[in-house]
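Below: one structure, written as structure tokens.
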Amino acid sequence: MLKKSSWVLWGAALFLAWHGLLLLFLWSRPLTPSSTGGDEGSRLTAQVIRLAQDAETELERQKDLLRQIHRYSRLRGLRREARPSQPSRVFTSHPLNSTQLYPRLPPQPQKATETVLPVLVLACDRSTVRRCLDKLLRYRPSAQRFPLIVSQDCGHAETAAVIASYGDALTHIRQPDLSDIPVPPEHRKFQGYYKIARHYRWALGQVFRTYRHRAAIVVEDDLEVAPDFFEYFQAAFPLLLTDPSLWCVSAWNDNGKEQLVDEAQAQLLYRTDFFPGLGWLLLAELWDELEPKWPPAFWDDWMRQPEQRRDRSCVRPEVSRTVTFGRKGVSHGQFYDQYLKFIKLNDRFVPFTRLDLSYLQKDPYESFFLSKVYAAPEVKVEELQGNRRRELGTVRLQYSGRDSFKAFAKALGLMDDLKSGVPRAGYRGIVAFVYRGRRVYLAPPADWRGYDPTWS
């Protein structure tokens with residue numbers, strides 16, 4: 001195709017040069033004596049004018065052709081830039097195969113591509129919110145498609161001044177109720193968690209009730225986003241519209257430490273039964289469901305309870321599209337030093353809107369994912385730790401109960417806590433990760449019967 005366009009370009013250039021010489025010849029040709037008067041001179045003049053008009057029309061056509069060639073060349077350049085630096089590979093069957101790359105995307109529904117997806121930033125007393133806002137504004141492709149709403153609690157003047165400094169680039173709203181919340185005596189040290197839940201309820205109410213948005217992306221003031229953060233959510237949004245078994249899209253991988261992910265496969269996405277948070281997309285319909293029973297505190301763990309999850313899943317990435325820099329907070333750095341500060345933030349733009357994400361729908365995903373997991377040869381944890389049996393490639397490590405799961409997770413550097421029996425980043429009890437450069441599935445037996453909420 002590139003060779004063909006080069007021939008067209010040379011042909012167009014030769015055509016323009018020939019017609020330019022022809023015009024120059026005609027305009028420089030001396031007039032005959034009769035050209036100052038009489039029919040012959042008039043006819044010659046008319047012919048020259050007609051030739052000039054025809055040449056001008058043809059020149060415009062050729063200019064249009066050149067413009068099309070230029071646009072085509074620029075498009076090819078953009079596509080080359082969007083592709084990964086490694087040699088292209090052919091997509092043959094399914095994107096969860098780590099040896100396959102970008103499938104082609106069928107046209108998206110018009111409704112999904114035009115929906116406004118506001119980004120709601122929950123802020124309090126961190127003046128470092130600037131780091132969060134700077135990245136959001138740097139990578140935002142459209143202010144109209146992705147309006148930025150910053151909701152501030154706490155009444156912290158320095159943080160308010162930082163937010164106000166962005167002017168019309170965002171909308172700054174303030175939580176009106178800054179009072180202390182009556183809590184049980186044993187929860188006195190958890191007052192901050194009560195205020196966070198109250199702020200979430202008020203801020204989400206503003207987005208869905210006052211501004212009446214169709215959906216929203218929620219982040220907190222201590223998150224930094226990846227270059228393809230908006231691209232990811234824009235592409236995954238149609239999945240929420242069409243698959244009722246999904247209730248959120250998250251930018252976060254709980255086991256996203258650098259040594260546990262395949263950075264070269266940044267396009268890989270998974271379903272997970274664990275609510276990840278930390279940069280997530282929800283629909284207005286979900287807020288209609290959750291708002292009447294919103295909890296007074298610990299809202300994220302409440303979301304992970306079976307009564308709220310209702311067997312629904314979220315989409316999560318292989319490589320996180322957010323990372324937290326907020327060690328200071330109501331959790332006093334819980335998990336930060338051990339896990340969170342090591343999360344790998346994706347630094348390579350993946351053109352998700354050009355990929356076919358239909359494999360994430362429940363039926364095709366389960367059919368492919370489960371067959372892939374349980375077809376993988378089983379190994380012992382000692383063999384993984386000793387880096388033995390490398391010839392097997394992708395492998396499976398099977399756990400039989402809560403204690404064996406926690407022991408294996410701890411031994412391999414995964415987060416080992418469970419919420420209502422669901423492991424972090426798990427789907428049907430399976431946690432996918434990379435260990436010493438190869439894919440590993442930490443999985444229950446193939447006859448898994450569901451989560452046990454007592455595993456918490």
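Could you tell me whether segment 194-217 includes any residue that is more than 17 Å from Pro147 (Cα to Cα) and part of a strand (DSSP E or B)? Within segment 194-217, none of the residues are more than 17 Å from Pro147 (Cα to Cα) and part of a strand (DSSP E or B). Within segment 400-434, track down each residue that is out of contact with any strand residue (DSSP E or B) (no Cβ under 9 Å at 6 or more places or on another chain) and open to solvent by 10 Å² or more (accessible area, probe 1.4 Å). Result: Ser400, Gly401, Asp403, Ala407, Lys410, Ala411, Leu418, Lys419, Ser420.
Ala376 meets the conditions (1) at pLDDT 95 or above; (2) open to solvent by 20 Å² or more (accessible area, probe 1.4 Å) in every case but one. The failed one is (2). Say whether the condition of being over 17 Å from the mean Cα position of the chain (by Cα), on the phi > 0 side of the Ramachandran plot and not charged (D, E, K, R) is met by at least one residue in segment 276-290. No, every residue in segment 276-290 fails to be over 17 Å from the mean Cα position of the chain (by Cα), on the phi > 0 side of the Ramachandran plot and not charged (D, E, K, R). Which one of the conditions (1) charged (D, E, K, R); (2) free of Cβ contacts under 8 Å to residues at least 24 places away in the same chain; (3) open to solvent by less than 20 Å² (accessible area, probe 1.4 Å) does Asp153 fail to meet, given that it meets all the rest? If we test Asp153 against (1) charged (D, E, K, R); (2) free of Cβ contacts under 8 Å to residues at least 24 places away in the same chain; (3) open to solvent by less than 20 Å² (accessible area, probe 1.4 Å), just (2) comes out false. Cβ-Cβ contacts under 6 Å between residues 6 or more apart (or on different chains), taken from a first residue in segment 179-197 that is at negative phi to a second residue that is at pLDDT below 95 and open to solvent by 50 Å² or more (accessible area, probe 1.4 Å), are listed as Gly192/Val330; Tyr193/Val330. Within the option set Asp300, Asp273, Asp337, being open to solvent by 10 Å² or more (accessible area, probe 1.4 Å) and in contact (Cβ under 8 Å) with a residue 60 or more places away in the chain holds for one residue only, Asp273. In the set Arg439, Arg396, only one residue is basic (Lys, Arg), open to solvent by less than 40 Å² (accessible area, probe 1.4 Å), over 22 Å from Ser250 (Cα atoms) and not assigned by the TED database to the domain that holds Asp311; that residue is Arg396.
All of Phe342, Phe349 fail the test of being open to solvent by 60 Å² or more (accessible area, probe 1.4 Å), over 23 Å from Arg304 (Cα atoms) and in contact with a Pro (Cβ under 9 Å, 6 or more places away or on another chain), apart from Phe349. Test Lys189 against the stated conditions and say whether it is assigned by the TED database to the domain that holds Cys132, modelled with pLDDT under 95 and of a type in the set (D, E, K, R). Yes, satisfied.
The values are calculated or read from the model by the stated rules, or taken from the named source; none is laboratory data. Every value quoted in this text rests on a predicted model; they were computed, and no experiment measured them. Counting neighbours? That spans all protein chains shown, and the Cβs are built from the backbone with ideal geometry, glycine included. Areas reflect the complete protein model, heavy atoms only, side chains present, ligands, DNA and RNA absent. Shrake-Rupley method; radii C 1.70, N 1.55, O 1.52, S 1.80 Å.
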